[in-house]
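These notes are about the structure you will find just below.
The values are calculated or read from the model by the stated rules, or taken from the named source; none is laboratory data. Only a predicted model underlies this, so the values are computations on that prediction, with no experimental measurement involved. A quick note on method: Cβ atoms are made from the backbone with ideal geometry, for glycine too, and the neighbour counts reach across all protein chains shown. For the accessible areas, the whole protein counts, side chains as well, though only heavy atoms, and no ligand, DNA or RNA atoms are used. Shrake-Rupley method; radii C 1.70, N 1.55, O 1.52, S 1.80 Å.
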Amino acid sequence: MSATSPTEPGARLKLVSGLLVGLYALITLLPLLWIIATGFKSSADAIAYPPKLVFEPTLEGYVNLFTTQTRQTPEMLAADPPTTWYERIVSEKGMVIAGPSRFGERFLNSIIIGFGSTFLSVFLGTLAAYAFSRYRVPLKDDLLFFILSTRMMPPIAVAIPIFLMFRTIGLSDTHAGMILLYTAVNLSLAVWLLKGFIDEIPREYEEAALIDGYSRFHAFVKVVLPQAATGIASTAIFCLIFAWNEYAFAVLLTSGTAQTAPPFIPTIIGVGGRDWPAVAAGATLFLLPVMVFTILLRKHLLRGITFGAVRK
Amino acid sequence: MAEIVIRNLRKEFGSFTAVEGSSFTIADGEFFMLLGPSGCGKTTTLRMIAGLELPTSGQILIDGEDVSQLPASRRDIAFVFQMFALYPHMNVRRNIAYPLVSQGLGRREVAAKVAEAARILGIDHLLDRPVGGLSGGDRQRVALGRAIVRDPKCFLMDEPLGALDAEFREHMAQELRALHDRMGATTVYVTHDQLEAMQMGDRIVVMNHGVIEQFGTPRDIYDKPRTLFVAEFIGSPPMNFLRFHGAVAAGATEVAFHHIAHPVPALREAFAGDMVYGVRPEHVRLADDAPLRAEVIAAEYLGTTQIVTLRSAAGVIRARIASDRAVRPGTSAGVAFDGGRVTLFDARSGRALRSAHNEGVLGHG
Ligand SMILES: Nc1ncnc2c1ncn2[C@@H]1O[C@H](COP(=O)(O)OP(=O)(O)O)[C@@H](O)[C@H]1O
Ligand SMILES: [Mg+2]
């Protein structure tokens, strides 16, 4: 014990903390693993009791998620044997594929609306935050508070007025309408977060660029933006997570063309009995984009999440 | 290279006046010091010359052209920031090359100029390093490289050595001055360190509370201070100030206080009221037969000289004398002043009275 320095934790302490972290990771990741596993189970395995930890994986859930099916008589099935692997999976239940389901469309809608509104929020947010940070804006504090206050109302409280407005101006159930709406909601978060980050970038960097003969716009793009990358990345992730998961507005304002995945996934449950593997498959796919986006930006994120606390 | 003329330059931030009607001229090729305590408006003045701040009123002429309202990017000057402001997302080479890229120079020309600047500053071996891991001195050199690579009309530097360790500062100051002597570029250098200003500057402007107190060569400013503030701010240990009440006539060569007559340079103006008798420690002598008696409180050994602190009826006096003379605390000594180098001040306004010693600097106003 005497050999360890006071700042270096002892081996036993390291082991204990390692175990604790491992246990915590297991507890938080278990539901996720469960969902992913269920997506690869057959319908029977999915509801088996006691739950099966070892099972024969099948893509039935994914096929069900992406297709609509109708029952077929054995004679007809025999007359027209399945040619592809997914037709074979379906035919084993005595069904044939009638066509694609709407999941693909809904998923694409989520991508368009989620990333579209994230891009707009971060783009407009960065410009506004820069202006608030660097220029003498009249009524600056009041404006900033006003921007924040738009976030104080719960979505459900403003949903009806927005529904009526959207119907009047023809934005209901459109991609543009949902992108606009999510941008409006996210913008206050984006402006406030980004202003904090930009405030921390010393003005001298831009001033050096101005003196070196560059315009303010050039200084903004070439000097401020690279240094705000951390803040921009973390803000983008926050915005995407909100837009991606948003449920209340999506249920109310979309039904056909622009419906996103969150209101769609629960409807799978109702189609042809409780198809848990299909629901789990949908949930797994739904997790992916945010996960990939976060992993892509993680190099910027670690410093960003601390809100610049470690930077001088 | 250029001459810089500042005329009635003034800057207000809301109701606060940071710089009040400054006027001075910086000659072509001069190493010019803006000296003053923290918060006196040095940085604000420099930023106005650079175009990073627009003056409330007044004019700035660079090379005869009024640039007061021109944006920084059109003034063709180089600025070295206190914290250097090296672009953290670029390596050393790109930092130095950045000012050239805006001028639309070709690749080969840029590379040649960067190499030349790096050679002058001795940082060739650092060119491909990120700026993050550099030492303070090397960051300083890169910041200088970014300034000299472009051959601007003048260099503006805001406390460029302030972020360096004390031991390194001395070395860098010499390097900077040598660089200036080689390039001969007009340089405006801001510092709050009077020693740095005296060592490096051709001429110095001393500022206080946004007002210019004095403008001149280091020697004139040290020997012939225009105000009490300058006399106190410049020199270490500072000038001795002996306060008294009395009256002097023009032409007088003595003033009397505490019943003893003390020598002064022949006065050129009469004055009555509260006055300050200002004498530098090196113009104080210890003389056994002098009528002003004092007790030795302390002696501080500095090698060739020593600083002796004495308490007299006229106040505490510090003398810089040769260190070979033995002075023991607690003993009594006579104190005499070298009258030709003394400055008398009006105690209320802080203004120096004109005398044979300083009239060349103060003028006849
Ligand atoms: N942008 C500003 N807004 C308001 N006050 C300022 C601004 N810049 C400087 N000041 C004030 O002007 C005074 C002079 O500042 P500065 O020129 O930076 O002093 P120095 O460089 O001599 O230390 C200080 O009191 C400072 O608080
Ligand atoms: Mg300053």
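Assorted remarks:
- The set of residues in the range A:39-91 that are open to solvent by 40 Å² or more (accessible area, probe 1.4 Å), aliphatic (A, V, I, L, M) and assigned to a helix (DSSP H, G or I) comprises A:Ala44, A:Met76, A:Ala78, A:Ala79.
- Among the numbered conditions (1) open to solvent by 40 Å² or more (accessible area, probe 1.4 Å); (2) among the polar types (S, T, N, Q); (3) not in a loop (DSSP other than H, G, I, E, B), the only one that B:Ser236 does not meet is (3).
- Qualifying positions in the range B:1-19 - out of contact with any Leu (no Cβ under 8 Å at 6 or more places or on another chain), within 11 Å of ligand 1 (Cβ to nearest atom) and assigned to a strand (DSSP E or B): B:Lys11, B:Glu12, B:Phe13, B:Phe16, B:Thr17, B:Ala18
- When A:Arg151 is tested against (1) at pLDDT 90 or above; (2) more than 30 Å from A:Val279 (Cα to Cα); (3) open to solvent by 40 Å² or more (accessible area, probe 1.4 Å), only condition (1) is not met.
- Test: B:Lys42 is within 16 Å of the chain's Cα centre (by Cα), at pLDDT 95 or above and either among the acidic types (Asp, Glu) or within 16 Å of ligand 2 (Cβ to nearest atom) (or both): yes
- The helices (runs of 4 or more DSSP H) falling completely within the range A:141-253 that include 1 or more residues that are more than 14 Å from chain B (Cβ to nearest Cβ) map to A:155-168, A:175-199, A:229-245, A:248-253.
- One residue alone among B:Arg94, B:Arg47 is within 16 Å of ligand 2 (Cβ to nearest atom) and basic (Lys, Arg), and that residue is B:Arg47.
- Exactly one residue out of B:Val149, B:Val188, B:Val206 is crowded, with 22+ Cβ neighbours inside 10 Å and more than 18 Å from B:Ile49 (Cα to Cα): that is B:Val149.
- Test: B:Tyr98 is part of a loop (DSSP other than H, G, I, E, B), over 29 Å from the mean Cα position of the chain (by Cα) and within 13 Å of chain A (Cβ to nearest Cβ): no
- Only residues that are in a helix (DSSP H, G or I), within 10 Å of ligand 1 (Cβ to nearest atom) and within 14 Å of chain A (Cβ to nearest Cβ) were counted in the range B:36-90, giving 5.
Results for (1) farther than 30 Å from B:Pro237 by Cα; (2) away from ligand 1 (no atom under 16 Å from the Cβ); (3) open to solvent by 40 Å² or more (accessible area, probe 1.4 Å); (4) of a type in the set (Phe, Trp, Tyr), shown as yes or no for each residue.
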position: B:Val101; (1), (2), (3), (4): yes, yes, yes, no
position: B:Arg129; (1), (2), (3), (4): yes, yes, yes, no
position: B:Arg141; (1), (2), (3), (4): yes, yes, no, no
position: B:Glu170; (1), (2), (3), (4): no, yes, yes, no
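- Index of the failed condition, B:Ser73 passing every other in (1) open to solvent by 10 Å² or more (accessible area, probe 1.4 Å); (2) touching a residue at least 40 places away in the same chain (Cβ under 8 Å); (3) more than 15 Å from B:Ile204 (Cα to Cα): (2)
- Residues that are in contact with a Cys (Cβ under 9 Å, 6 or more places away or on another chain) and farther than 16 Å from A:Asn109 by Cβ, drawn from the range A:152-182: none
- Some residue of the range B:269-283 being more than 28 Å from B:Ala247 (Cα to Cα) and either among the hydrophobic types (A, V, I, L, M, F, W, C) or surrounded by 14 or more Cβ atoms within 10 Å (Cβ to Cβ) (or both): no
- Single residue of A:Gly10, A:Gly22 found to be more than 30 Å from A:Thr254 (Cβ to Cβ), modelled with pLDDT of 85 or more and surrounded by fewer than 16 Cβ atoms within 10 Å (Cβ to Cβ): A:Gly22
- Selected residue (only one of A:Leu180, A:Leu225, A:Leu143, A:Leu139 is among the aliphatic types (A, V, I, L, M) and open to solvent by less than 60 Å² (accessible area, probe 1.4 Å)): A:Leu225
- Breaking point among (1) crowded, with 18+ Cβ neighbours inside 10 Å; (2) away from chain A (no Cβ under 14 Å); (3) within 16 Å of ligand 2 (Cβ to nearest atom), for B:Met200: (3)
- Failed condition for B:Ala112, given (1) surrounded by 15 or more Cβ atoms within 10 Å (Cβ to Cβ); (2) more than 12 Å from every other protein chain (Cβ to nearest Cβ): (1)
- Considering only residues in the range B:21-35 that are outside any loop (DSSP other than H, G, I, E, B) and open to solvent by 20 Å² or more (accessible area, probe 1.4 Å), the one that is farthest from ligand 2 (Cβ to nearest atom) turns out to be B:Thr25.
- Test result for B:Phe31, of a type in the set (Phe, Trp, Tyr) and more than 14 Å from chain A (Cβ to nearest Cβ): yes
- Among residues of the range A:92-114, those that are in contact with a Pro (Cβ under 8 Å, 6 or more places away or on another chain), in the same structural domain as A:Ala176 (by TED's automatic domain parsing) and surrounded by fewer than 19 Cβ atoms within 10 Å (Cβ to Cβ), counted: 1
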